[in-house]
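What follows is one structure encoded as structure tokens, with my remarks underneath.
The values are calculated or read from the model by the stated rules, or taken from the named source; none is laboratory data. Predicted, not measured: the structure shown is a model, and the values here were computed from it. All Cβ positions, glycine included, derive from the backbone under ideal geometry; neighbour counts span all protein chains shown. Keep in mind that these areas ignore ligands, DNA and RNA; they rest on the heavy atoms of the full protein, side chains included. Shrake-Rupley method; radii C 1.70, N 1.55, O 1.52, S 1.80 Å.
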Amino acid sequence: MTRISTPFTTPFTARTTATEILAGVDLTGRRVIVTGGASGIGAQTVRALEGAGAEVTVATRRPAPGQRALDLSDLGSVRRFVAGWSGPVHAIVANAGIMALPARRTTPEGWELQLATNFLGHFALIAGLHAHLRQAGGARVVMVSSGAQLGAPFDFDDPHFERRPYDPWTAYAQSKTADVLLAVAAARRWAADGITANAHEPGYVHTNLQRHVDQATMRAWGAMDDDGSLLTPGYFKTPEQGAATSVLLAASPLLDGVTGRYFSNDNQEAEVVPGGPDATGGVAAWAVDPGAADRLWDLATAACRP
Ligand SMILES: NC(=O)c1ccc[n+]([C@@H]2O[C@H](COP(=O)([O-])OP(=O)(O)OC[C@H]3O[C@@H](n4cnc5c(N)ncnc54)[C@H](OP(=O)(O)O)[C@@H]3O)[C@@H](O)[C@H]2O)c1
């Protein structure tokens, strides 16, 4: 991760929408892949990019006409997607994700399912399309992480909860730390190819992502009343606002050449802070550690060998 004394700033705020980020930007001729682009924040990301003229491929488990099949928890599915791609790709928005699965689940390869979906499948996709990113000249990789990265480092000793008790939130946090580390490693490795890679947190948005969150937690967030009806507290964003930072990093000319950084949901680069229960914002030092990033890249590379 590039360390600078002054964090990168933009004129935008937490309330800026994805469409506002791209006002006046012409993306004609740009080809963008958005994983999980059929719902929630991803759908608004697609809408804003298409509105600015980009050719967007929506990669999703259950493709509607015009969309492409991609199951990130299945490396065979990722390989088929990569094999079917031709020509340049100007940006990949690694947006798809699952959160807080109540019980430990694993892929046939033994990867914990949140880590497999949120991180490994995206790694296989992005590494598999490296030549196509290079071909674009100035391509961008966008990792949609979460403030959850503040909650846990990547545990190289037991990433799949084989020896420690499974915890839904620790598994999610680890996977979101892994997403940031992926951006850090790609930024380091692919700078000479003109490829930039950044990560961000979209902020709280009501979407299908919360399907596994219990009602007590939703109430603690102020996002549900006593009767089980959804509430939208002031710190929540609309999906269009949640998509803003993805679009900023994927396509705004303001970000030309900016790489290896983590942006908060206010569209500003985050401060690096110690992770842990006391952290209230910023990006955890463990998520931007270049040594951990390179180690995770090697681990993922080995896991993706057919
Ligand atoms: N919403 C928030 O408050 C919040 C906060 C911080 C970070 N985020 C991050 O924002 C991103 C988007 O989430 P969202 O809130 O928009 O939730 P969402 O509406 O549930 O979108 C997630 C998308 O990921 C797709 N997906 C899940 N598993 C997949 C798989 N194995 N292969 C391919 N696609 C898969 C889902 O497809 P299906 O419809 O087929 O399940 C869905 O389209 C996630 O990475 C999430 O971690 C969200």
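Structure summary
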item: Residues of segment 7-46 that turn out to be in a loop (DSSP other than H, G, I, E, B), within 16 Å of the ligand (Cβ to nearest atom) and of a type outside the set (A, V, I, L, M, F, W, C), as a count; result: 5
item: P153 in contact with a helix residue (DSSP H, G or I) (Cβ under 9 Å, 6 or more places away or on another chain) and open to solvent by 10 Å² or more (accessible area, probe 1.4 Å); result: yes
item: Candidates S86, S146, filtered to the one that is at pLDDT 95 or above, hydroxyl-bearing (S, T, Y) and either touching a strand residue (DSSP E or B) at 6+ places or on another chain (Cβ under 6 Å) or surrounded by 17 or more Cβ atoms within 10 Å (Cβ to Cβ) (or both); result: S146
item: Segment 258-283 residues that are in contact (Cβ under 8 Å) with a residue 12 or more places away in the chain, paired with ones that are basic (K, R) and assigned to a loop (DSSP other than H, G, I, E, B) (beta carbon under 7 Å, 6 or more apart); result: E269/R261
item: Any hit, segment 67-75, residues being without any contact (Cβ under 8 Å) to a residue 60 or more places away in the chain and either small (G, A, S) or more than 14 Å from the ligand (Cβ to nearest atom) (or both); result: yes
item: Residue in segment 7-27 that is modelled with pLDDT under 95 and either surrounded by fewer than 18 Cβ atoms within 10 Å (Cβ to Cβ) or not aromatic (F, W, Y) (or both) present; result: yes
item: Flag for V82 being of a type outside the set (F, W, Y), in a strand (DSSP E or B) and either over 16 Å from the mean Cα position of the chain (by Cα) or within 12 Å of the ligand (Cβ to nearest atom) (or both); result: no
item: Test: residue in segment 108-115 that is within 11 Å of the ligand (Cβ to nearest atom), surrounded by 24 or more Cβ atoms within 10 Å (Cβ to Cβ) and touching a residue at least 60 places away in the same chain (Cβ under 8 Å); result: yes
item: For N95: the one exception among (1) in contact with a strand residue (DSSP E or B) (Cβ under 7 Å, 6 or more places away or on another chain); (2) more than 15 Å from the ligand (Cβ to nearest atom); (3) open to solvent by less than 60 Å² (accessible area, probe 1.4 Å); (4) not hydrophobic (A, V, I, L, M, F, W, C); result: (2)
item: Selection from segment 276-292 of residues that are away from the ligand (no atom under 16 Å from the Cβ) and more than 18 Å from T245 (Cβ to Cβ); result: G276, P277, D278, A285, W286, D289, P290, G291, A292
item: Yes/no for A131 being within 28 Å of G84 (Cβ to Cβ) and open to solvent by less than 10 Å² (accessible area, probe 1.4 Å); result: no
item: Pair list, Cβ under 6 Å, 6 or more apart: segment 188-207 residue more than 17 Å from Y235 (Cβ to Cβ), other residue open to solvent by 20 Å² or more (accessible area, probe 1.4 Å) and assigned to a helix (DSSP H, G or I); result: D193/R134
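Rundown of residues vs (1) at negative phi; (2) crowded, with 19+ Cβ neighbours inside 10 Å, yes/no style:
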site	(1), (2)
R211	yes, no
W221	yes, no
D225	yes, no
G228	no, no
T232	yes, no
P253	yes, no
G260	no, yes
A270	yes, yes
V273	yes, no
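Let's see how each residue does on (1) assigned to a helix (DSSP H, G or I); (2) of a type in the set (F, W, Y); (3) over 25 Å from T280 (Cα atoms):
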residue: A96; (1), (2), (3): no, no, no
residue: A127; (1), (2), (3): yes, no, yes
residue: H132; (1), (2), (3): yes, no, yes
residue: Q135; (1), (2), (3): yes, no, yes
residue: Y166; (1), (2), (3): no, yes, no
residue: A171; (1), (2), (3): yes, no, no
